[in-house]
Every structure is written in C-alpha cells, then in structure tokens.
1. In segment 220-267, carbon and sulfur make up what percent of the accessible area (probe 1.4 Å)?
2. Relative to the longest principal axis of the C-alpha atoms of the chain, give the angle of the C-alpha long axis of helix 167-184, reported between 0 and 90° and rounded to the nearest 10°.
3. Just need the relative contact order of the chain here, percent rounded to a whole number, with Cα pairs under 8 Å and 6+ apart.
4. Given 0.36 nm per residue, what is the gain on full extension from Arg129 to Arg5 after removing their alpha carbon distance, in nm?
5. Accessible area per residue, 1.4 Å probe, Å², for segment 49-176: what's the number?
6. Skip the ligands, DNA and RNA, and give the accessible area per residue of segment 273-334 with a 1.4 Å probe, whole Å².
7. So, counting K/R as plus one and D/E as minus one, what does the shell of residues with Cβ under 10 Å around Ala56 add up to?
8. Using only the Cα atoms of segment 121-161, what do you get for the radius of gyration and for Dmax, in Å?
Amino acid sequence: MTITRAEVRLGGDDGAVVRGCDLSLRAGQVTALLGPSGAGKSTLLRAIAGLERLHAGEIRSDGNVWSGPGVHLAPERRRCGVVFQDYALFPHLTAIQNVAFGLRHLGGDERKKRVMESLEAVELTHRARAYPHELSGGEQQRVALARALAPEPSVMLLDEPFSGLDRRLRADLSAMTLDVLRRSGTASLIITHDAEDALASADEIALMERGIIIQSGTPDALYLAPASESAARMLGDAEAFASRVEGGKASTPLGAVAAPQAEGSAVTVLVRPEGILVGADGAGGGRGPQGHILARRPAGPVVVLLIALATGERVTARAPVSHPAQAGDAVSLSLDPAFVSVVSG
Ligand SMILES: Nc1ncnc2c1ncn2[C@@H]1O[C@H](COP(=O)(O)OP(=O)(O)OP(=O)(O)O)[C@@H](O)[C@H]1O
C-alpha cells in the first residue's frame with residue numbers, strides 16, 4: 001500500500017489534520033505509527049479505511065486507487081481490516097458469529113472453515129461459542145483481530161488495540177498479534193503510544209508529527225539515525241548539542257564529530273545515552289572531556305549515569321549495569337559514533 005501526499009481536512013478549510021503524508025506499507029510487515037496526541041494518526045487510519053475523504057493526494061493498494069482525485073472507494077469495498085481500541089464486537093453474537101459476520105459472501109462450508117481457522121490463529125477455538133460479555137478484555141480483542149483478518153484483507157489497521165489492557169497482558173497480546181499479522185501476509189499499520197514496544201516488535205516505524213510523517217524506517221535505523229531532534233525524542237532519550245560545521249566537524253562538549261553539512265551551517269548533534277562512553281579518569285590522566293558522576297541509577301540490565309561535565313553541562317549516559325562508576329567518581333568521556341547523528345538546524 002502506498003500513501004502519497006495525503007491530506008485530510010476536518011472542520012473547515014484551514015483544519016488540515018493530515019498534511020501531505022507519505023507512507024508505504026509492505027505485505028507481511030508490521031509498521032508502528034508513533035506520534036504525540038493530536039498528530040493525526042487516527043485520522044490517517046480513518047482515511048485509509050475510507051472513513052474520511054482525502055482532500056489531496058492518493059491512497060493505493062495492489063495497484064488500485066482507494067482514494068484520490070475524484071475517487072473514494074466505499075469502506076466495504078476496500079480490502080481493509082480494522083481493529084479499534086474498544087473491540088467493537090457485536091454483543092448479541094458469539095465469537096463464531098462475530099467472526100462470520102464479514103464472511104457473509106462465502107458459502108456455508110467455506111465460511112465455517114475460515115471462521116475456525118481465524119479463531120485458531122488467535123488461539124480461541126475453545127471460546128468459540130462464548131458471547132463478548134463472557135470473554136476477558138484480551139480475549140475480546142483476539143476475537144476482534146480474528147474478525148478483521150477472516151476476510152483476508154490486504155491491509156490491516158489497528159488503532160491502539162492494547163491500550164485498555166494491563167501491562168503484562170498487553171505484552172503477551174502484542175507479541176501474539178504481531179505474529180498473527182505477519183503470518184497472515186497482510187500489510188499492517190498499528191498505532192501505538194509505546195515507543196519501547198514499537199522499537200522491540202515492529203518491522204518498520206513511522207513517526208508522525210503535526211499531520212506529517214517526519215521519518216520512517218526500521219527501528220534500528222530510526223534509533224541510530226534520527227532525522228531531527230523531535231524524531232530522536234519520539235523514540236527515546238537523546239542529548240542535543242547546538243553546533244556549527246567547521247572543517248567538516250561539529251564540536252560538542254563531548255568532542256568533535258564528522259558533519260556532512262555545508263561548512264559554516266548550523267547543526268544539532270544528537271547523542272543517544274548509549275553513545276556517551278564513560279571511562280575511569282585515574283588522577284586526571286584520562287583522555288577526552290572530564291566530568292564526574294552525580295548519580296548512578298540502576299535500571300534492570302543497564303545503569304543510568306548522570307554526569308556533570310567540567311564545562312558545567314550535565315549529560316546522561318547509559319551503560320551495562322556492571323559498569324563500575326559510582327556517584328562522586330571522576331571520569332573521562334568519549335563518543336561512540338554509532339549513536340551520534342548530526343542534523344541540520
Ligand atoms: N471531526 C473533527 N473535526 C475537527 N477536528 C478534528 C476532528 N477530529 C479530530 N480533530 C482534530 O484533529 C487532530 C488530529 O486528531 P487525531 O485523532 O487524528 O490524532 P491522534 O494522533 O490519533 O491523537 P491521539 O493519539 O490522541 O489519538 C486533533 O487536533 C483533533 O483535535
């Protein structure tokens with residue numbers, strides 16, 4: 001599926017909520033759509049599903065235009081499955097009947113077979129005859145997933161499907177859902193607020209801000225090479241140093257880094273906490289900028305080190321929990337270029 005320069009206006013001419021959005025979704029892959037509240041994520045999903053009209057741009061799937069100039073395919077004619085946060089199951093229908101609902105065009109045997117396959121995919125055949133009120137929140141969401149997947153859509157859209165569930169259940173259900181989606185071969189777009197979850201589980205991440213996809217790519221690429229300071233912050237912590245290119249380098253309090261931008265231009269150097277390497281200082285003999293540890297905070301397998309630089313600035317580093325630095329220690333610092341990116345502006 002390809003979305004090109006898509007624009008959606010709600011509430012009048014100047015109310016563009018989606019403003020020139022570009023995004024590609026690949027079959028068999030899960031793309032996480034991440035962004036602050038009000039960025040336009042739900043509106044983009046609704047436009048793909050055909051619930052909102054495009055004012056400009058195009059949405060195409062398998063070579064067919066779903067939305068575009070003079071074209072607006074009705075939602076039911078799009079091969080598109082949708083799972084919302086609130087399950088939206090029919091309360092008076094059993095799990096089987098809910099899943100069968102979208103398969104009315106199939107003959108009895110074929111329909112029965114497809115329903116059971118779908119319930120099997122979400123491991124719910126033992127609850128097939130239960131009504132929604134007899135199912136837990138997680139089970140209801142699995143029925144909603146089975147119902148959306150049963151007609152074999154080419155695109156699956158999920159709007160924060162796990163947000164109503166507790167943390168542990170959410171992790172289990174998220175893993176199962178992504179597995180089912182990948183095996184189904186559809187192109188999936190899943191809205192989430194959880195950057196850690198997106199980094200750990202999605203094949204691709206798209207970052208949305210003020211109606212625009214500001215960057216998309218693999219989790220690794222986005223974490224290590226953010227395109228801007230706000231893209232960096234959407235996926236985790238980062239130190240940002242304003243600098244200027246001189247002799248092909250941008251200087252920071254932690255050392256100079258290579259900068260491909262034009263000589264003399266203003267840049268921001270972004271550094272992930274893992275990219276600040278903390279070495280023992282000895283008696284001031286360490287190489288690199290000097291500092292001392294203000295606080296050491298263990299966080300499971302890693303330790304967060306709050307460091308005061310000799311220049312007066314403070315930075316945060318993250319190291320394996322075995323790192324020996326303690327509060328009060330003098331340290332010398334250097335940068336791991338793999339965790340550093342230099343962006344314009
Ligand atoms: N029917 C509407 N008329 C006018 N403005 C709307 C309408 N629906 C949503 N908006 C506005 O559009 C913007 C984007 O909303 P949307 O729900 O798409 O964002 P979101 O990224 O999904 O946010 P959240 O993460 O909070 O769900 C918001 O500023 C919202 O107030």
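The values are calculated or read from the model by the stated rules, or taken from the named source; none is laboratory data. Not measured: the values here are computed from a predicted model. A quick note on method: Cβ atoms are made from the backbone with ideal geometry, for glycine too, and the neighbour counts reach across all protein chains shown. SASA here: full protein model, heavy atoms, side chains in, ligands and nucleic acids out. Shrake-Rupley method; radii C 1.70, N 1.55, O 1.52, S 1.80 Å.
1. On the way: 1230 of 2280 Å².
The computed percentage sits at 54.
2. Once rounded, one gets 70 degrees.
3. With pairs under 8 Å counted, the relative contact order is 16 percent.
4. Separation in residues times 0.36 nm, less the Cα-Cα distance, equals 40.2 nm.
5. On the way: 6720 Å² over 128 residues.
So segment 49-176 comes to 52 Å² accessible per residue, rounded to a whole number.
6. On the way: 3180 Å² over 62 residues.
Heavy-atom accessible area per residue stands at 51 Å².
7. Working: positive: Arg5, Arg9, Arg19; negative: Glu7, Glu58.
Neighbourhood net charge equals +1.
8. For segment 121-161, the Cα radius of gyration and maximum Cα-Cα distance read 10.8, 31 Å.
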